[in-house]
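The values are calculated or read from the model by the stated rules, or taken from the named source; none is laboratory data. Since the model is a prediction, treat every value here as computed from it, not as a measurement. Cβ coordinates were reconstructed from backbone atoms using ideal geometry, including for glycine residues, and neighbour counts include every protein chain displayed.
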Amino acid sequence: MNKYLQIGAFVILGGVTGYLGYANQQNTARLERLSTNLYSLQLSIASTTQILQTSIAQTHGDLADALARQQQTVQTQLGTYQQQVNSVAGTVTTLQKLSKTDPELLQKYSKVFFLNENYAPAELTEVPSTYRYSDAKHNLIATAVWPHMKQMLDDATAAKIALYVFSSYRSFNEQSALKKDYKVTYGAGTANSFSADQGYSEHQLGTAADFITSGLGGQVDGFDKTAAYKWMTANAYKYGFVLSYPSQNQYYVFEPWHWRFVGVKLATDLHNANQYFYEWDQRKIDEYLVNLFD
């Protein structure tokens, strides 16, 4: 009996062992499949992650490029708007300056245009006695011109050049009286060759002056032979002054003593071109009006 029990036990034990071995094989196979699936899933996740990262990076790059282009467009537009604003502001400033500048100051007179008897500079300043040739004679000059004239006279003195104002502003009536005296003294024909009729004199503008130096006995004749004239020829334009009637001009005799303020820019351009005021077209000269007192 015991023998059969033992045989039965062995059979049962063998069956259990076989089942457990089979079950273990199945579990091992299942685990391998799970591991394989997990690995595949990990690869898929890694691939998807890489694709997403690449897509995000590309999208970010595209967005960055688009943003950069948009910023450039905006900056360009802002630059254009700023230029327009500056242009408008410049135009307004120019118009404001022109509205405050007497257009007569750059007109041609001297037998060309006429100043009526009521014309007078907006504001006049008396030239201090230090800068006048004669203390007994008062000289007036346009207030806006005086700083330029003063600087020129001071610089001439610093260069050891004796330069003084001999005559400056003359009203319509003063010019009329002066011309009458010249006609009596020299005759009408001769007087007309060196003296303007009333209304045609640059002196009425308040921007012209006759200069003199020592050693001429109080006369302007011979001024062109002096160191003062040589200095003015080389330097007057720097202060805005030009010689109105050079040698062989078509209006009056050569007047080396008579200089007119036309602004530094115009005077400099005339000097560089080796031309004089009355040689230029009036429309060209008018373009300098806005810079007259700069």
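Only residues in segment 102-115 that are more than 14 Å from F277 (Cβ to Cβ) count as the first member; pair them with residues that are of a type in the set (S, T, N, Q), Cβ under 8 angstrom, at least 6 apart or cross-chain, and list the lot. Qualifying pairs under 8 Å: L115/S201; L115/Q204. Those helices (runs of 4 or more DSSP H) of segment 193-294 in which at least 1 residues are surrounded by fewer than 16 Cβ atoms within 10 Å (Cβ to Cβ) and of a type in the set (G, A, S), considering only elements entirely within it, cover 227-235, 264-273.
Would you confirm whether or not segment 211-223 contains a residue that is of a type in the set (D, E, K, R) and modelled with pLDDT of 95 or more?
No, segment 211-223 contains no residue that is of a type in the set (D, E, K, R) and modelled with pLDDT of 95 or more.
Of all residues in segment 232-244, those that are assigned by TED's automatic domain parsing to the domain that holds H148 have Cβ atoms under 6 Å from Cβ atoms of residues that are part of a loop (DSSP other than H, G, I, E, B) and crowded, with 21+ Cβ neighbours inside 10 Å, 6 or more apart or on another chain, in G240/G263; V242/V262.
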